[in-house]
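The values are calculated or read from the model by the stated rules, or taken from the named source; none is laboratory data. This structure is a prediction, so every number in the text was calculated from the model and none was measured. Virtual Cβ from ideal backbone geometry, glycine too; neighbours counted across all protein chains shown. Note: accessible area is taken over every heavy atom of the protein model, side chains too, but ligands, DNA and RNA are not part of it. Shrake-Rupley method; radii C 1.70, N 1.55, O 1.52, S 1.80 Å.
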Amino acid sequence: MLIPLLVLILLGRTDLTMCAIFGSLTGVFGRTEHHWRRLRQQAQSGVLMCLTVVAGVSMSITGRSDWELVVAATVVAAALSGTADYLRIRPAGPFTYIFAFTATAAAPFSGAVTEAALAVSGAAVTAVLLGVAGRVHARRHTPVLFRSAVPPREATRILAHAGRYAAAVAAAGSLALFLGPGHSYWAMLAACAPIAAADASHAPARAGHFILGTYGGVLLSALLLQPDWSPVQLAVLLALLQFGGEVYVIRHYGLAMVFLTPVALLMTGFVSVQPVWELTVDRAVETTIGALVAVAVILLTTGRGADWARRLALRPARISGGRSAGAR
């Protein structure tokens, strides 16, 4: 993240920093893979990232209503969920791509689409080169494996997961617009995080971690938004926060969000200044809306809602049965 930001600062084009930041996030993909598998996953994710940023910037330039953003984000979430699952890109899910699309579409942009494309692609290429550096001359290399055909059951799961993302993003964005806090795309983004774990038993816990971690990140952001950072200082700060988030994202998701939330709020500091209180409160409210919507979608679409209701229905019977046995 730091290298592309410093280049743009030297060029005097800090208006392109958001594009560069999202391009640099290509580096988080394929990090558990080795050698050429990592290169393949980063190259694929880099292409997807470039496409989503260009689409978001194009939407920002042409002008869009809040409802148009919700519809577009819903379509993008479903399409990229299916694409990412088919390519087996890890980390799974379209969370980062949705973040890139909605943030760039919602932010004002005065440059040209070609300039945004150069910024995001340059940062993505930098991330890919850093990701493969040191592996070219490794003693052992993992073989290049060709993609096998997707079995019907897997294809059905991919489509169901994409539909889950679409439902969560559409519901969260619509509810946020009705309630009107001010940044509906944060609610849509928050709805994506728990959906990635929808097929696992800890999805509601992940939503809780996301909410609590974001609250902590909002408090940290309120402190970090007070000083008047220079562009270089802000670039270094964002890189350090991103580093902290990536260190903890696997071990403790909530703690990772404490570091990553300020990145989302501070990156706009290069191009615009917003009231600190309004920005942080909106982030907390929108995150709560999106995460709760995601939990509801998971319970309704994975069968866990029925299991949860069944357990509640059986609990009174067990209690009354225990009392009867005690009376006897």
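Brief remarks follow.
- Subset of segment 215-257 (residues that are at pLDDT below 90, crowded, with 16+ Cβ neighbours inside 10 Å and hydroxyl-bearing (Ser, Thr, Tyr)): Ser221, Tyr248, Tyr253
- Residue under evaluation Gln274, criteria (1) at pLDDT below 85; (2) in a helix (DSSP H, G or I), criterion not met: (2)
- Taken across segment 17-29, residues that are more than 20 Å from the chain's Cα centre (by Cα) and open to solvent by 20 Å² or more (accessible area, probe 1.4 Å) do not occur at all.
- Hey, Thr268 over 24 Å from His209 (Cα atoms) and of a type in the set (Val, Ile, Thr) or not: yes
- Residue in segment 294-313 that is open to solvent by 60 Å² or more (accessible area, probe 1.4 Å) and at pLDDT 80 or above present: yes
- Considering only residues in segment 114-131 that are buried (at least 16 other Cβ atoms within 10 Å of the Cβ) and of a type in the set (Val, Ile, Thr), the one that is nearest to Gly12 (Cα to Cα) turns out to be Val120.
- If you check Leu145, Leu175 for being over 15 Å from the mean Cα position of the chain (by Cα), over 28 Å from Leu8 (Cβ atoms) and modelled with pLDDT under 75, only one passes: Leu145.
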